[in-house]
Each structure stands twice: as structure tokens, then as C-alpha cells.
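These notes are about the structure you will find just below.
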Amino acid sequence: NPPAEVRSNIERYMASLGEAKTWRARLAVGYLYDSNVNAGPSSETVTFFGVPFALTPGTAPRSDSGVVSNFVFDHLLPFSDELGLRSTVTADTVTYLDASQFNVEQTSLLLGPQYREGRVQVGVPFAFNYSRLGSEDYGWAVGGAPEVRYAAGDRVLLIASGLGQATQYWQRPERDGSIWSV
């Protein structure tokens, strides 16, 4: 039988536990100016074995404007107070106004268990990535993306993560390999 004031605090706290968000979504859209869309050389000639060769006009740097977008949807399916399943879907695009052959679409999925102890969350999700360049399939990757999240305050979340993926490219198999990042 706690005093009424303490009981009220307890009831508010218990109610807030049920109100915790298990998902978040973010959409960002912006303008892009690219002064060298095609990664063209700054010179009109190249030299091989001391002999200069003139490049065609199509190889000169091209500039273009475009739209960039990023969409993220993150969901946590709780199994208990400490354990849940986190899924994150991310879609990034670069859409040029004229040079559409350089448009980029990239979709990523992270899916895996997440453990929580106090202010610390540890996740070990499976990672999948799919990319398109222009209007063609470009590549894909699979691997893992471990992360640690620390709630430093009510509105501050610090995240440290890594990524290890095996990559394959449809049109450029000589580029197949692996990606490691922290």
C-alpha cells in the first residue's frame, strides 16, 4: 500500500512501458549537383607508351543535377524486455535529370536478434544489399552487421556498428569480393 503519490508515479511508469515505440520511419529528399557525373578525365588526351591519343567528346566530364532520396524503416518485435527481433529496410536513390544511365538505386535489409541490458543494446543482424546502376542490375551482397547501441540520454542514442559482406556483380564479376567496415 504505497502512498497515493508513489502509486501514481508507479502507474505512470507502468503505462509508459506499454507506449514505447517499436518502430521508426524516416524519409529524406534532397537536391544534388554533380560536376562530373560520368567520372570523365580532366584531359582531352591520354598517353599510352609515350603516344598521345585523343579522347572522344563523350568522355569529357559531364555535369547534371538530380534528386537524392533516403528512406529507412526500422522495427523491433519484442519477445521479452531483454530480447527482440530488429528489422531495418533502407532504400537510397540518386536520380539524375539528364544522365539517367548513372542513376543509382540501392536497397538494404538488416534482420536479426537484439539483446537489451539497461541502456545497452547489442544486435547481430543478417545483412542483404541489392544495387542497380542506370536501368540494369548491378550487384548484391550478403553478410552480417553487428552493432552496439547505447542510450546516452533521453534523446541521444550512440551507435557503433560493423559490416562484413560477400559481394557479387552481375556485369563485372572481376569485381566480386568482400566488404569490411566499422
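Look at segment 55-75: where a residue is acidic (Asp, Glu) and a partner is open to solvent by less than 50 Å² (accessible area, probe 1.4 Å) and not in a strand (DSSP E or B), sitting 6+ places away or on another chain with Cβ atoms under 8 Å, you get ASP64/VAL37; ASP64/ALA99. Scanning segment 131-151 turns up at least one residue that is open to solvent by 30 Å² or more (accessible area, probe 1.4 Å), farther than 30 Å from GLY66 by Cβ, hydrophobic (A, V, I, L, M, F, W, C) and modelled with pLDDT of 95 or more.
So, in segment 152-182, of the ones that are more than 23 Å from GLY84 (Cα to Cα) and β-branched (Val, Ile, Thr), which residue ends up surrounded by the most Cβ atoms within 10 Å (Cβ to Cβ)? Before the answer, list the steps.
So the first thing to find is which residues in segment 152-182 are more than 23 Å from GLY84 (Cα to Cα), and the list is 165-182.
Filter once more, keeping what is β-branched (Val, Ile, Thr): 167, 179, 182.
On the way: THR167: 16, ILE179: 13, VAL182: 8.
Ranking the qualifying residues of segment 152-182, first place goes to THR167.
What residue, among those in segment 68-122 that are acidic (Asp, Glu) and open to solvent by 60 Å² or more (accessible area, probe 1.4 Å), is modelled with the lowest pLDDT?
So in segment 68-122, the residues acidic (Asp, Glu) come out as 74, 81-82, 92, 98, 105, 117.
Still in the running and open to solvent by 60 Å² or more (accessible area, probe 1.4 Å): 81-82, 98, 105, 117.
Numbers: ASP81: 84, GLU82: 92, ASP98: 93, GLU105: 97, GLU117: 92.
Top of the filtered list is ASP81.
Contact map, segment 135-159: first residue closer than 16 Å to SER181 by Cα, second residue hydrophobic (A, V, I, L, M, F, W, C) and assigned to a loop (DSSP other than H, G, I, E, B), Cβ cut-off under 7 Å, separation 6 or more or different chains; pairs are GLY144/VAL124; PRO146/VAL124. In segment 13-34, the count of residues that are of a type in the set (Val, Ile, Thr), at pLDDT 90 or above and surrounded by 12 or more Cβ atoms within 10 Å (Cβ to Cβ) is zero.
The values are calculated or read from the model by the stated rules, or taken from the named source; none is laboratory data. Everything numeric in this text was worked out from a predicted model, so none of it was measured. Positions of Cβ are backbone-derived with ideal geometry, glycine not excepted, and every protein chain shown enters the neighbour counts. Just the protein is used for accessible areas: all its heavy atoms, side chains included, with ligands, DNA and RNA removed. Shrake-Rupley method; radii C 1.70, N 1.55, O 1.52, S 1.80 Å.
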